[in-house]
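Asker: Please see the structure below; I have some questions.
The values are calculated or read from the model by the stated rules, or taken from the named source; none is laboratory data. All values derive from a computational prediction rather than experimental measurement. Note: ideal-geometry Cβ built from the backbone for every residue, glycine included; neighbour counts use all protein chains shown. Note: accessible area is taken over every heavy atom of the protein model, side chains too, but ligands, DNA and RNA are not part of it. Shrake-Rupley method; radii C 1.70, N 1.55, O 1.52, S 1.80 Å.
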Amino acid sequence: MCGIVGYAGNRDSSTVLVDGLKKLEYRGYDSAGIAVFENGVIKVVKAKGRLNDLEEKMQETGVPQGHCGIGHTRWATHGEPSDVNSHPHGSKTLSIVHNGIIENYLELKEKLIRKGYTFDSETDTEVVAKLLDYYYKGDPKAAVLRVIQAVKGSYALGMIFKDYPDVIFAVRKDSPLIVGLGEGENFIASDIPAILKYTRNYYLIEENELVELTKDKVTVYNLDLEPVEKEVYTADWDMEAAEKGGYPHFMLKEIYEQPEAFRKTVSPRLKDGLPDLEFSGALTPAFIRSIEKIHIVACGTAMHAGLIGKNVIEALGRIPTEVAIASEFRYCDPILGKNDLVVIVSQSGETADTLAALRLAKSRGVPVLALVNVVGSSIAREADCVLYTWAGPEIAVASTKAFTVQMALFYLLAIEFARVRGELTDAGAASYCGKLMEIPDRMQEVLQNSEDCKYFASKFQNAENLFFIGRGLDYALSQEGSLKLKEISYIHSEAYAAGELKHGTISLITDQVPVVALATQSHLFEKTRSNIKEVVTRGAKVLLVAAEDMISKNEETKYVLAVPSVGDLFMPLLAIIPLQLFAYYTAVLRGCDVDKPRNLAKSVTVE
């Protein structure tokens, strides 16, 4: 969850480190710190709070001067946000930054206390730092190898040693880490945005590969300390894509990028009007025809995309499909058949529980298809087959365009599975693909009415509790709408299947309780309309999100957001946009930090 950056070169390292951390602050913003070689001494500055708090502290205590160092922005796990719990941690001989969780840190801490070590912080990271100090006998690589043999859990570590000025060491397991390759300068980072200002070329570091990095050279070793040849990757997007581009927040920018992201995800995957998904390995046409059940496994927003995927796959492909939260799937001993398919969904491709679910499925001999955004991520590399969403960078913590393009891939999968299994003719499949290609233009129409979303947000902004209701695809979408609202506006929000209101939830509906009702499914409109009447009768203030050809039937509520009618099956692709805008403007009006909501981070790389 935390962000790591390291730099060796000829530039002022403090400037480079803080600039890189600003690009990684979406990964955590409880505290920040840097450690820099200054005249042969490791100088550390760290502070609780955002990066501007660190910058203010450096103005008071002095900015470290040097050309090599490491930095960290923290999402707190062990120990509350504080100066002392901030990274880097270390001793007089070394300093480290860490992303991940060390599961056996208490056992190791007790051992080190018996050896005479004392601890200042509550963090598991300080335990790693002191353990590294304990094993260090003049050879950093040997000490690192001893440490990774001793610790259990996940980690990406950036390390500097006083005896090795201008050298950075790094290692990873289950937490992301890349090496940026520049001219006369090199970098480590948790994610590509941190290095884009300086280079677009990078290495992907594999599990327990050890990096030794100077400004002129990068060497990657395996566990036997043998050099490893690495493939150089080039980022296919630039700094402009990772900046706000005139928008007040990344979230709003990414909402408006959805039509183009959708087009980039779908259009290249159509050939002669039919899906062309280039499946590989186990996902042969014969296997697709033999699939008995699909298990979609994901977390948070990606799981909600899976709920849409379930509905669409079952509607078109007629394949029984289950959706599981990854943290539940991995621990519930799932029943997986030899003709099952597991579909793993993750924006980052590094989500810890989702990655563990993938490994569980593979250990059972079940083929895994991954839908991810980040090329070369752990999930992408370990899956049997991968479909990239090609959404470009998504910086805001609250996911928007990633959700939309994940849905897009599920629609393509459903159409292709249906065609291969004989549920759709080629002509039928082509018709559905044609409708998919109309979606970006219809999205633009929805975005042109964003002022309506802002107006309705102003009517609901003071709510402390809010309910979303819907049926079928609308219920699946309600869950994502509710999540968006609660995570950035801090309004307590819950989503319910509209037909379940009478089974308990309606007891919570009293005068002026706000309800967002989704009614985009024509065959369910009258049923949902009855549920709206039920809550209106009890005093609820209702915002209706409905297909435009259904609006004339509405007599229950004056607050209405109309969405272009594109056919029931495809309505989620449009109806999600007003829900995102409603959440965004509600959060803005409430004065919330939209891009960095409290207690959240973009990439959940720990359990």
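Asker: What's the number of the condition G300 fails, among (1) free of Cβ contacts under 8 Å to residues at least 60 places away in the same chain; (2) on the phi > 0 side of the Ramachandran plot; (3) surrounded by 19 or more Cβ atoms within 10 Å (Cβ to Cβ)?
Answerer: Result: G300 passes all but (1).
Asker: Looking at segment 308-327, which of its residues are part of a helix (DSSP H, G or I) and open to solvent by 30 Å² or more (accessible area, probe 1.4 Å)? Break it down stepwise before answering.
Answerer: The first filter runs over segment 308-327 and keeps only residues part of a helix (DSSP H, G or I), leaving 308-316, 326-327.
The answer is K310, N311, E314, A315, S327.
Asker: Under 6 Å by Cβ, and 6 or more places apart or on different chains, what pairs join a residue from segment 477-494 that is within 16 Å of P578 (Cβ to Cβ) and open to solvent by 10 Å² or more (accessible area, probe 1.4 Å) with one that is modelled with pLDDT of 95 or more and not charged (D, E, K, R)?
Answerer: Here the result reads Q479/H304; Q479/A495, each pair linking segment 477-494 to a residue that is modelled with pLDDT of 95 or more and not charged (D, E, K, R).
Asker: So is G158 assigned to a strand (DSSP E or B), at pLDDT 95 or above and either farther than 16 Å from R11 by Cβ or over 28 Å from the mean Cα position of the chain (by Cα) (or both) or not? If you could, list the steps in order and put the result at the bottom.
Answerer: Details: assigned to a strand (DSSP E or B): yes; at pLDDT 95 or above: yes; either farther than 16 Å from R11 by Cβ or over 28 Å from the mean Cα position of the chain (by Cα) (or both): yes.
Yes.
Asker: Within the set of pairs 6 or more residues apart or between chains, which connect a residue that is surrounded by fewer than 21 Cβ atoms within 10 Å (Cβ to Cβ) inside segment 456-471 to a residue that is hydroxyl-bearing (S, T, Y) and assigned to a helix (DSSP H, G or I) with Cβ atoms less than 6 Å apart?
Answerer: As it stands, the answer is Q461/T586, since those pairs meet every condition given.
Asker: Okay, next question. When segment 519-561 is examined, which residues are found to be without any contact (Cβ under 8 Å) to a residue 40 or more places away in the chain, open to solvent by 30 Å² or more (accessible area, probe 1.4 Å) and assigned to a strand (DSSP E or B)?
Answerer: Answer for segment 519-561, where residues must be without any contact (Cβ under 8 Å) to a residue 40 or more places away in the chain, open to solvent by 30 Å² or more (accessible area, probe 1.4 Å) and assigned to a strand (DSSP E or B): just V560.
Asker: Would you mention how many residues in segment 19-54 are modelled with pLDDT of 85 or more, open to solvent by less than 10 Å² (accessible area, probe 1.4 Å) and within 23 Å of the chain's Cα centre (by Cα)?
Answerer: Selection size over segment 19-54: 3.
Yes or no, residue by residue, for (1) under 32 Å from the mean Cα position of the chain (by Cα); (2) modelled with pLDDT under 95; (3) of a type in the set (S, T, Y):
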position	(1), (2), (3)
A517	yes, no, no
H523	no, yes, no
A547	yes, yes, no
M571	yes, no, no
A575	yes, no, no
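Asker: Looking at segment 124-141, which of the residues that are touching a helix residue (DSSP H, G or I) at 6+ places or on another chain (Cβ under 8 Å) and among the hydroxyl-bearing types (S, T, Y) is most open to solvent (accessible area, probe 1.4 Å)? Explain how you work it out, then say what you get.
Answerer: First, the residues of segment 124-141 that are touching a helix residue (DSSP H, G or I) at 6+ places or on another chain (Cβ under 8 Å): 124, 127-128, 130-132, 134-137.
Now restrict to residues that are among the hydroxyl-bearing types (S, T, Y): 134-136.
Working: Y134: 64, Y135: 33, Y136: 28 Å².
Here the answer is Y134.
Asker: Tell me yes or no: at least one residue of segment 352-359 is outside any helix (DSSP H, G or I) and polar (S, T, N, Q).
Answerer: First pass over segment 352-359, keeping only residues outside any helix (DSSP H, G or I): none.
Within segment 352-359, none of the residues are outside any helix (DSSP H, G or I) and polar (S, T, N, Q).
Asker: Let me ask you something else. Would you say Y198 is within 24 Å of S13 (Cβ to Cβ), not aliphatic (A, V, I, L, M) and not in a loop (DSSP other than H, G, I, E, B)? First the steps, then the outcome.
Answerer: Working: within 24 Å of S13 (Cβ to Cβ): yes; not aliphatic (A, V, I, L, M): yes; not in a loop (DSSP other than H, G, I, E, B): no.
No.
Asker: Sort through K244, K217 and tell me the only one that's modelled with pLDDT under 95, open to solvent by 40 Å² or more (accessible area, probe 1.4 Å) and of a type in the set (D, E, K, R). Let's see the steps before the verdict.
Answerer: Details: K217 fails: modelled with pLDDT under 95.
Only one candidate qualifies: K244.
Asker: Could you check, for segment 374-394, whether at least one of its residues is assigned to a strand (DSSP E or B), open to solvent by 20 Å² or more (accessible area, probe 1.4 Å) and touching a Lys or Arg at 6+ places or on another chain (Cβ under 6 Å)?
Answerer: Scanning segment 374-394 turns up no residue that is assigned to a strand (DSSP E or B), open to solvent by 20 Å² or more (accessible area, probe 1.4 Å) and touching a Lys or Arg at 6+ places or on another chain (Cβ under 6 Å).
Asker: Select from segment 106-123 the residues that are open to solvent by 40 Å² or more (accessible area, probe 1.4 Å) and either in contact (Cβ under 8 Å) with a residue 60 or more places away in the chain or over 31 Å from the mean Cα position of the chain (by Cα) (or both) and list them in ascending order. Before you say what the answer is, go through the steps one by one.
Answerer: Of all residues in segment 106-123, those open to solvent by 40 Å² or more (accessible area, probe 1.4 Å) come to 106-107, 109-111, 113-120, 122.
Residues satisfying the conditions are E107, K109, E110, K111, I113, R114, K115, G116, Y117, T118, F119, D120.
Asker: Ok, one more. Mind listing whichever residues of segment 468-516 are in a loop (DSSP other than H, G, I, E, B) and among the basic types (K, R)?
Answerer: Of all residues in segment 468-516, those in a loop (DSSP other than H, G, I, E, B) come to 471-472, 490-491, 504, 509-513.
The one that is in a loop (DSSP other than H, G, I, E, B) and among the basic types (K, R): R471.
Asker: List the residue pairs whose Cβ atoms are under 8 Å apart, where the first residue sits in segment 352-369 and is within 21 Å of K173 (Cα to Cα), the second is small (G, A, S) and assigned to a strand (DSSP E or B), and the two are 6 or more positions apart or on different chains.
Answerer: T354/A298; T354/S346; L355/S346; A357/A324; L358/A370
Asker: Could you please give the count of residues in segment 268-285 that are touching a helix residue (DSSP H, G or I) at 6+ places or on another chain (Cβ under 9 Å) and either open to solvent by 50 Å² or more (accessible area, probe 1.4 Å) or not in a helix (DSSP H, G or I) (or both)?
Answerer: First pass over segment 268-285, keeping only residues touching a helix residue (DSSP H, G or I) at 6+ places or on another chain (Cβ under 9 Å): 269-270, 272-279, 285.
Pick out the ones that are also either open to solvent by 50 Å² or more (accessible area, probe 1.4 Å) or not in a helix (DSSP H, G or I) (or both) and you get 270, 272-279, 285.
The number of residues fulfilling the criteria is 10.
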